[in-house]
1. How much net charge surrounds K46 when only other residues with a Cβ under 15 Å from its Cβ are counted (Lys, Arg +1; Asp, Glu -1)?
2. Straight distance only, please: which lysines reach the Cα of K115 with their own Cα at less than 27 Å, same-chain residues fewer than 8 apart left out?
3. Between H29, M48, L18, whose Cα lies farthest towards the positive end of the dipole of region 1-50 when Lys and Arg beta carbons carry +1 and Asp and Glu beta carbons carry -1, centred on the Cα centre?
4. Rounded to the nearest 20 Debye, what is the dipole magnitude of the chain about its Cα centre when Lys and Arg each give +1 and Asp and Glu each give -1 at the C-beta?
5. Identify, among L66, A145, A86, the residue whose Cα sits farthest towards the positive end of the charge dipole of the chain, taking +1 on the Cβ of Lys and Arg and -1 on the Cβ of Asp and Glu, with the dipole about the Cα centre.
6. Using only Cα atoms and rounding to the nearest 10 degrees, what angle (0 to 90) does helix 48-57 make with the longest principal axis of the chain?
7. What does the charge count around H141 come to, taking other residues whose C-beta lies under 12 Å from its C-beta (Lys +1, Arg +1, Asp -1, Glu -1)?
8. Provide K53, K130 in ascending order of the number of other Cβ atoms located within 10 Å of each residue's Cβ, fewest first.
Amino acid sequence: MAHPITFRPKPHDPHAELIERVEAAPAEHGQALLAAWDLLQVAHDKGMLDLAKGLIGGKDVIAGKLAEAANLPESVAAIRNAMAGARLLGSVDPDMLQRLAQAMEGAARQHKQEKEPPSLWQLFKRGTSKDARRGLSYLTHVLTALGRAMRGE
């Protein structure tokens, strides 16, 4: 009869495997290790490591102060305003905003070239142009929306 073969796996030592990887690291990752040491030295020279140590050590105090500050009515209003502002910016057509920026640059150049203030007649002619009426129409819509928002509708 056949005799069973005894199989005994080698004991797995994760610590020895880790030591092997650490010993091989300089050869495999030499450039990265040098860059990391340089970064660490610069952080130490600039005091960033001390700052990080202080932040980590005082995390409970810092978190408590941040929570207190975030709980103030002014902070809640600021967060809500930021969210509303982001929604407002998201609703603006980027192409229109680009055209507006270019037009504003052109208007600034024209204004700089004026030696004397324009006469009332020149202002009237400028204000009755098709583009000026279009801009005034937009501004009146904005003012109407502003008034409606202030009334609470």
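1. It works out to a net charge of -2.
2. Straight-distance partners of K115: K125, K130.
3. L18
4. Rounded to the nearest 20 debye, it is 1260 debye.
5. Of the candidates, A145 comes out farthest on the positive side.
6. The answer is roughly 80 degrees.
7. +2
8. K130, K53
Computed from the coordinates by the stated procedures, all read-outs in this text should not be read as laboratory data. Being a predicted model, the structure only gives us computed values, none of them experimental. A quick note on method: Cβ atoms are made from the backbone with ideal geometry, for glycine too, and the neighbour counts reach across all protein chains shown.
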